[in-house]
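Okay, so here's the structure we're looking at.
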Amino acid sequence: ISVAHDVLKKVETLKGRLIPADVSVSITRHYGETAAEKSNELLYHMGLAVISVMILIWLTLGWRESGIVGVAIPSTLALTLLVFYLEGFTLNRITLFALIFSIGILVDDAIVVVENIVRHTRMGHGDHPIEGHAIRAVDEVGNPTILATLTVVAAILPMAFVGGLMGPYMRPIPVGATAAMLFSLVVAFIVTPWAAIRLLKHGH
């Protein structure tokens with residue numbers, strides 16, 4: 001929007017010098033406004049997806065567990081946005097779709113770890129502190145979670161090297177999904193146990 005107004009101002013300053021004084025410029029189509037509306041709509045749906053996932057976890061595990069997942073998702077998305085920034089991707093419909101697409105797969109690692117921590121905590125094992133339950137729970141599901149994450153990455157990442165016209169256009173989707181999966185694995189092993197210890201300690 002600001003670019004269009006800047007062009008109009010520039011034309012006004014050039015009248016009578018480089019261009020005739022009777023030249024007039026009017027904006028017939030403004031794709032910036034529609035792009036902004038679509039981006040805002042995608043952001044709304046992305047927020048809705050995050051809230052829906054948290055509600056689902058709240059109904060199945062509990063509100064504390066939902067809070068843990070609520071910490072993991074924004075952390076992973078923030079790191080994914082950092083990758084977009086370093087890669088030079090702008091926020092547009094493709095990159096926002098990549099983020100929405102990633103939510104469905106990045107939350108798996110956090111849910112697996114949280115659910116196992118909750119299971120170990122509820123089983124008890126004497127008077128062991130919750131830190132011990134978290135360590136055992138993460139160790140128990142560590143290898144399968146790593147394998148499942150790398151399998152998804154191996155299936156999605158090759159799409160980033162497709163050539164032709166559509167290759168560079170769709171590249172943010174595999175790049176974003178791959179980054180989200182790898183970061184979700186890191187968050188699931190570091191942030192999720194930390195949040196579980198902090199939030200589940202009171203309930204335990």
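Only one of the numbered conditions (1) out of contact with any Pro (no Cβ under 6 Å at 6 or more places or on another chain); (2) at pLDDT below 80 is not met by Pro172, and that is (2). Which of (1) more than 16 Å from Pro193 (Cα to Cα); (2) open to solvent by less than 80 Å² (accessible area, probe 1.4 Å); (3) at pLDDT below 80; (4) β-branched (Val, Ile, Thr) does Ile130 not meet, given it meets every other one? Of the numbered conditions (1) more than 16 Å from Pro193 (Cα to Cα); (2) open to solvent by less than 80 Å² (accessible area, probe 1.4 Å); (3) at pLDDT below 80; (4) β-branched (Val, Ile, Thr), the odd one out for Ile130 is (1).
Restricting attention to region 27-71, the residues that are β-branched (Val, Ile, Thr), touching a helix residue (DSSP H, G or I) at 6+ places or on another chain (Cβ under 9 Å) and modelled with pLDDT under 75 total 1. Do the conditions hold for Leu82, that is, is it surrounded by fewer than 21 Cβ atoms within 10 Å (Cβ to Cβ), under 11 Å from the mean Cα position of the chain (by Cα) and at pLDDT 80 or above? Answer is yes for this residue. Condition first: open to solvent by less than 70 Å² (accessible area, probe 1.4 Å), farther than 20 Å from Val186 by Cα, under 25 Å from the mean Cα position of the chain (by Cα) and among the aromatic types (Phe, Trp, Tyr). Can you find one or more residues in region 90-102 that meet it? No - not one qualifying residue is present in region 90-102.
Taking Leu81 as the residue in question, decide whether it is assigned to a helix (DSSP H, G or I), in contact with a helix residue (DSSP H, G or I) (Cβ under 7 Å, 6 or more places away or on another chain) and in contact (Cβ under 8 Å) with a residue 12 or more places away in the chain.
no
The values are calculated or read from the model by the stated rules, or taken from the named source; none is laboratory data. Not measured: the values here are computed from a predicted model. Virtual Cβ from ideal backbone geometry, glycine too; neighbours counted across all protein chains shown. Calculation scope for accessible area: heavy atoms of the full protein, side chains included, ligands and nucleic acids excluded. Shrake-Rupley method; radii C 1.70, N 1.55, O 1.52, S 1.80 Å.
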